[in-house]
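Every number in this text was worked out from the coordinates using simple rules, so none of it is lab data. Every value quoted in this text rests on a predicted model; they were computed, and no experiment measured them. Reconstructed Cβ throughout: ideal geometry from the backbone, glycine too, with neighbour counts over all protein chains shown.
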Amino acid sequence: MNARAKAIVPYAAMLAIAAFLYGRTASFAALGRPGQLGPDFWPKAVLVLLMVTCAIEILRVALAPPAKPSALANAKQGHGEGDDHAPRYPVLLLSGIVLTILYVPGMQVLGFFLATAIYLAAFMVVGRYRRYGVVAVTSIVGSLAFVFVFMKIVYVSLPIGVGPFQSVSTALMALLGIH
Amino acid sequence: MQDVLNQLALGFVHLGTGANLAALAVGLVVGMLVAVLPGLTLVMGVVLALPFTYGMSVTPSIVLLTAMYLSGTYGGAFTSVLFRIPGEPLDVPLLWDGYTMARKGEPAKALGWVLLAALAGGLITAFSAVALAVPFAKFALRFDSPEYFAIVLFGLSGVVALAGDSMAKGVVSLCIGLMLATVGVDETYGADRFTFGVPILKDGIEYLVVMVGAYGLGEVLARMEQGFVTPPLDSGRKVETRFPRWSEIRQLRGTALRSSIVGVLCGIVPGAGATVGSFVAYGVEAGYGKNRLKLGTGIPEGIVAPQLASTATVGGHMVPLLALGIPGSGATAVILGAFLLHGVQPGPQIFQTSGDMVYTIFASMFAAVIGMCLLGYFAIKPLIWVLRLPEAVTSAFVALFCFVGAYSERNSVTDLWMIVVFGVVGYLFERFRFPIAPMVLGCILGPVAENSFMTSMLSYQNDWTIFFRRPISGTVMILVVVALAWPLVRLLRGAIRARRVGPEVAALERELKP
């Protein structure tokens, strides 16, 4: 994807979403009273502003002459400043997102302690930290600390899981003096 | 004046209670730690501390967050000066003279200048908050809905105008925030808006999850994509602070005065936070300082100006927050969130209804300034130890804090899913260089803006000129127009200049400007 298309994509996406949401305002516009601004007025105003901004930006990028990098930009890149050209690891990012998504249902099934210990360990390993002893100790001690602080001190009711995992959480809570 | 001083004295007495002192001490240490770690921004740190305040009463909560905010403007200076690692964006100007002075063999003296600047900026900011907040609040008692709408609009337009290199990105970010605020049941008509049949969306989207997700998880994902490349610190560099001589300090009176004014003003103007203050103060010094031609060679002016201004912005930010209930930055938005979570609505009435609390917060600012300087002088060495932790480990815990923070407020699993969604949104913002602050402020101030606008329209028979006809709202609306027109004027001037000198030279000139 060239630079121009890359610059247009976010605005085009926002324009499409805004247009869709504008269409949805019709469902609550009918609830307004005659002679008064209805519940659709404010969101419509915001959406119009959003669509106009996106349209202008798309036109500006599309019609602008191709930009040549300035001498300073070249010099900065030469010295490694700015991270536009820094190496990126999309697989790492994707793994992080998947791991984070799995953590949410994992917490409900396994309970906070087990899910968190696994999440922390997996996150560190995926993040290319390879001292496995440190990973194991940090994730278990860290999870225990979170359980203690949030359940015992801040009184947050963290998920305890289902089935056998619930028994693990309950035993752990009894061990930490959490009732 | 006498009354203010009496109240402040009482504030110091209230600050002496165990809970408040403990909150102050913890806030100072954690703020310093957050600022030292390059992966954690100051706002992110304040956001992550928010869930710990749920079980506390309101005063220690605000004392904790304000202390974090203040010490966070100082902590990052150590790593900038000693290791060329800016802990915060606001510490970047310190690389130019602070790190250079350290490289020239005077790291202790550079840290001495940083400490003095933080102390001066902190005291100035605390005094200015005390002096300005009450007049601000008294003035605000005259406000009706058109004035509130105009003020909120001014706040939002300031955030957009200062959004960075692209105003369009700022507007898009703001509109997304304003739209998120409309989700749920509308207050005037009771209509469901953008709920898509999902019951939990009827309660609206909590701005806390937007903040925590976008600032916290979004940043973690962005750093993960870069492979967690920041190496852990492995340096035996000596960390000590040496104060400059009195005669040297006296020579910097002009710098101190200019930077103080810049700092306090940048604090009061919504959107212009510590980072803008730091860069502007350095720029002012480069334009008007006695030693402007030597800037960048490791002179004290280049250290004092950005550090003093960035610390001085904190009190400026607290003035509109307390007197009007309008946050001007990400950190003050979180502090507003803490107020609201405890059922306290900041605004002109707060000085009557919760005077004790307000003056305890002011007193805590004075104490925090002294505390952070003592901490910086005596305890920075163990604090810098956190830099030895690998980025993958700290990031894993930051992500965990995000989840627990969001879950703690309502004990709702839906909020966990929201965190994931806004984490990805935050990452995309980071990736495409859209500013997050306008979205967060739009999300928080959106309901205030909509309610004051709708009330004005109902009260004045849909006459929109009312915003321009009333003296206070009219003046503020003119400021809104100026704030929005200024970037356009700059753009136009740039285009004219480009036509005269050629696009490449004009682009180079733009990039060279501080």
Paired Rg and Dmax values of segment B:279-331, which use every Cα atom, in angstrom: 14.4, 43
Residue-span extension gain [A:TYR155 to A:VAL141] - 0.36 nm each, minus C-alpha spacing: 3.1 nm
Pairs of Cα atoms farther than 19 Å apart, segment B:308-400, %: 57 percent
In nm, spacing of pseudo-spin labels at B:PHE378 and A:LEU59 (7 Å Cα→C-beta vector): 6.4 nm
Loop trypsin sites (Lys or Arg not before Pro), segment A:106-164, which have at most 16 other Cβ atoms in a 10 Å radius of their Cβ (DSSP): A:ARG128, A:ARG130, A:ARG131
FRET E, pair A:HIS179, B:THR353, Förster distance 35 Å, beta-carbon r, rounded to 0.05: 0.40
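Are there trypsin sites (Lys or Arg not before Pro) in segment B:364-472 that DSSP puts in a loop and that have at most 16 other Cβ atoms within 10 Å, and which ones? If you can, show how the numbers build up before the last one.
On the way: sites: B:ARG388, B:ARG410, B:ARG431, B:ARG433, B:ARG469; in loops: B:ARG433.
Passing sites in segment B:364-472 are B:ARG433.
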Computed log₁₀ I(q)/I(0) - Debye formula, equal Cα scatterers, no solvent, segment A:93-179, q 0.21, 0.23 Å⁻¹: -1.00, -1.12
C-alpha center-to-center spacing [segment A:134-169, segment B:1-61] in angstrom: 27 Å
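Could you work out the per residue convex hull volume over the alpha carbons of segment B:60-145, in cubic angstrom? Don't skip to the end; give the middle numbers.
Values: hull volume 11.1 nm³, N = 86.
Expressed per residue, the convex hull around the Cα atoms of segment B:60-145 is 129 Å³.
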Cβ-placed point charges (K, R +1; D, E -1), dipole of segment B:22-123 about Cα centre in debye, nearest 20: 180 debye
Cross-link pairs beyond the 29 Å C-alpha cut-off, checked among B:LYS109/B:LYS290; A:LYS44/B:LYS169; A:LYS152/B:LYS202: A:LYS152/B:LYS202
Ranked A:LYS6, B:LYS109, A:LYS44, criterion: other C-beta atoms within 10 Å, fewest first: A:LYS6, A:LYS44, B:LYS109
Estimated inter-spin distance, A:LYS6 and B:ASN291, nm [label 7 Å along Cα→Cβ]: 4.2 nm
Relative intensity, log₁₀ I(q)/I(0), of segment B:355-436 from a Debye sum that treats every alpha carbon as a point, q = 0.10, 0.21, 0.24 Å⁻¹: -0.51, -0.94, -0.98
Longest segment of chain B lacking GluC sites (Glu not before Pro) that sit in a DSSP loop with at most 12 other Cβ atoms within 10 Å: B:241-514
Charge context of B:ALA181, other residues only, Cβ under 12 angstrom, K/R +1, D/E -1: -3
Förster-model FRET efficiency, 51 Å R0, B:ASP203 and A:ARG128, C-beta, rounded to 0.05: 0.80
Helical contribution to [θ] at 222 nm, DSSP H n ≥ 4, -39,500 (n - 2.57), averaged over the protein assembly as shown, rounded to 500: -23000 deg cm²/dmol
C-alpha center-to-center spacing [segment B:276-293, segment B:334-355] in angstrom: 36 Å
Long-range Cα-Cα pairs in the protein assembly as shown (distance over 49 Å), rounded percent: 12 percent
Charge-dipole axis of chain B as Lys and Arg at +1 and Asp and Glu at -1 on Cβ define it, positive-most pick from B:MET477, B:VAL58, B:CYS175: B:MET477
Mean-position separation - Cα centroids, segment B:438-496 and segment B:408-431, in angstrom: 30 Å
Segment B:38-128: chymotrypsin sites (Phe, Trp or Tyr not before Pro) in DSSP coil with no more than 11 other Cβ atoms inside 10 Å: none
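Starting with the fewest neighbours, write out B:VAL152, A:VAL9 ranked by other beta-carbon atoms found within 10 Å of each beta-carbon. Please report the intermediate quantities before stating the final value.
Working: B:VAL152 25, A:VAL9 12.
Going from least to most buried by this count: A:VAL9, B:VAL152.
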Set of segment B:1-16 residues, backbone N closer than 19 Å to the point 7 Å along the Cα-Cβ line of B:LEU141: B:1-8
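Please state, to two decimals, what the Cα-based radius of gyration of segment B:20-66 comes to when divided by 2.2 N^0.38 Å (N = residues).
Working: Rg = 10.3 Å, N = 47, 2.2 N^0.38 = 9.5 Å.
With N residues counted in segment B:20-66, Rg over 2.2 N^0.38 Å equals 1.08.
About the Cα centre, and with charges only on the beta carbon of Lys, Arg (+1) and Asp, Glu (-1), how big is the dipole of chain B? Nearest 20 debye, please.
The calculated dipole for chain B is roughly 1820 debye.
Per residue and in Å³, how big is the convex hull formed by the alpha-carbon atoms of chain B? Show your work: numbers first, answer last.
Values: hull volume 82.5 nm³, N = 514.
With only Cα atoms used, chain B gives 161 Å³ per residue.
Can you figure out the FRET efficiency of B:ALA9 with A:THR170, using R₀ = 41 Å and their beta-carbon distance, to the nearest 0.05? Provide the component values of the computation, followed by the final result.
On the way: r = 51 Å, r/R0 = 1.25.
The computed FRET efficiency comes out at 0.20.
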